[in-house]
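Right, one structure below, let's go through it.
The values are calculated or read from the model by the stated rules, or taken from the named source; none is laboratory data. Predicted model only: the values in this text are computed from it and were never measured. Here the Cβ is made from the backbone with ideal geometry for all residues, glycine too, and neighbour counts use every protein chain on show.
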Amino acid sequence: MSNSSFELFDLKVEVIEGEKPFVCSHKLGDAFEVRGENLHFMSDRPFSMYALSALLPLLPAKQRPLNPIDWMATDHIIACPDPHCGARFKISRIGKQVVERSDTTIVPLPDTNDWT
Ligand SMILES: [Zn+2]
């Protein structure tokens, strides 16, 4: 890995059982993957936009290396935002890729002396 690149984990988000029945349209095993900035959905398998709205804020952090003490590094099960629904969503790291900074931004790296 060069000093102009960084690592991102590829993720899989999968519907798993909780302690209550599902209320929403989730099906066990429904899933999507996150690779770089893109979400890859299974063909002909819908995914709830409400569940997606609860998951989206977490995904960029889960893609990055984390301090092992950080809760974000250890908590992988997310609840459906419908409080009556038993669905849970498991976020797993399924791979890692090296990303060139220039493929993600046109903002130049600041001089390290400017990092204060
Ligand atoms: Zn639900």
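Filter segment 29-41 down to residues that are touching a strand residue (DSSP E or B) at 6+ places or on another chain (Cβ under 6 Å) and in a loop (DSSP other than H, G, I, E, B), then give me how many there are.
Total meeting the criteria: 1.
Return yes when residue 52 is modelled with pLDDT of 95 or more and either exposed (fewer than 15 other Cβ atoms within 10 Å of the Cβ) or not in a helix (DSSP H, G or I) (or both) and no when it is not.
No: the conditions fail for residue 52.
Kindly list the number of the only condition in (1) within 20 Å of residue 76 (Cβ to Cβ); (2) free of Cβ contacts under 8 Å to residues at least 24 places away in the same chain; (3) in a loop (DSSP other than H, G, I, E, B) that fails for residue 18.
The one condition residue 18 does not meet is (2).
Only one residue in 113, 38, 67 is more than 16 Å from the ligand (Cβ to nearest atom), under 11 Å from the mean Cα position of the chain (by Cα) and either closer than 24 Å to residue 1 by Cα or small (Gly, Ala, Ser) (or both), so which one is that?
That would be 38, the only listed residue that is more than 16 Å from the ligand (Cβ to nearest atom), under 11 Å from the mean Cα position of the chain (by Cα) and either closer than 24 Å to residue 1 by Cα or small (Gly, Ala, Ser) (or both).
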